[in-house]
Amino acid sequence: MDFWRLVHNENLKIVLKKSTWILTILMIIGSPIVPIFLKLIDIPFSAPDVIYQSFNLYFIVIMLSLIIASESVSSEFSRGTIKLLLIRPWDRWKILLSKYISVILFSLAATIVFVILNIIFAYILFPVSGNSILSAASSTPDLVLTVVYNYIRALVLITVAFMLSSLFRSTALSITISILLYFSGNTLNGIFRLFLEQEHREFIKYLLSTNLDLTQYFASPTGTFGMTSLGFSLGVLLVYMIVFIAITWFSFVKRDVRA
């Protein structure tokens, strides 16, 4: 059986879940909220401005993707289907990789739907150009970067959720920790800055939460805390991703399986 057939099977598992459809419908309903709200309050935005502002609700896509990633491995254990999965003529790492790829494909699809819906509503409700009240980050190149930066953050968090799903084999724990990481990151960094002396703050720039939001570099080339750069953050995120994937591989491939 071709490897991509295995990926296809994992995609079907995601698509056929009732929870996936419910969450996807909620995402579709929630995606155009920003364009509609901005139209109702009658502020002179242009369509590109509205698309940029719409990414304040991109967390909907991230939450949906985190739930799917958290269920990917742990649900096999909770349903007792993991042993049936592993008796197939496939190496464990290939099964794990197929699950990871299927989650990434789903998150990409959700992101594309989110972006398309917001583009449609923005251009229906607002002029293409006009008296823009946002001078930065609303040009086409910056809008593309906004999509890319937000998806990179989503991809890292998905990898965290996927790792936790494999490591702890608990969907609830994986979702909880991943969501806490997403929402509490900047708050935690702010606490460190507030209570630590300048010479003791160096470690902050190596934290995952400091580097997770790449849109901070629209405002400053040295980031929110004046300690990093775009290249530095990308490098730090890459290292974290490698570590997370290594932990995921070890916990799934090397550990004994008890359904």
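The values are calculated or read from the model by the stated rules, or taken from the named source; none is laboratory data. None of the values given here were measured: they were computed from a predicted structure. Neighbour counts run over all protein chains shown; Cβ positions are idealised from the backbone, glycine included.
Values for this structure:
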item: Qualifying positions in segment 134-157 - out of contact with any Asp or Glu (no Cβ under 7 Å at 6 or more places or on another chain), at pLDDT below 80 and either under 13 Å from Phe45 (Cβ atoms) or surrounded by 15 or more Cβ atoms within 10 Å (Cβ to Cβ) (or both); result: Ser135, Ala137
item: Of all residues making up segment 105-132, the number that are buried (at least 19 other Cβ atoms within 10 Å of the Cβ) and hydrophobic (A, V, I, L, M, F, W, C); result: 7
item: Members of segment 39-52 that are in contact (Cβ under 8 Å) with a residue 60 or more places away in the chain and surrounded by fewer than 20 Cβ atoms within 10 Å (Cβ to Cβ); result: Lys39, Ile43, Pro44
item: Options Ile14, Ile67, Ile60; residue that is among the aliphatic types (A, V, I, L, M), more than 22 Å from Leu97 (Cα to Cα) and either under 21 Å from the mean Cα position of the chain (by Cα) or assigned to a helix (DSSP H, G or I) (or both); result: Ile60
item: Subset of segment 84-126 (residues that are farther than 25 Å from Asn150 by Cβ and either modelled with pLDDT of 90 or more or not aromatic (Phe, Trp, Tyr) (or both)); result: Leu84, Leu85, Leu86, Ile87, Arg88, Pro89, Asp91, Arg92, Lys94, Ile95, Leu96, Ser98
item: Residues of segment 25-37 classified as assigned to a helix (DSSP H, G or I) and surrounded by 20 or more Cβ atoms within 10 Å (Cβ to Cβ), total; result: 2
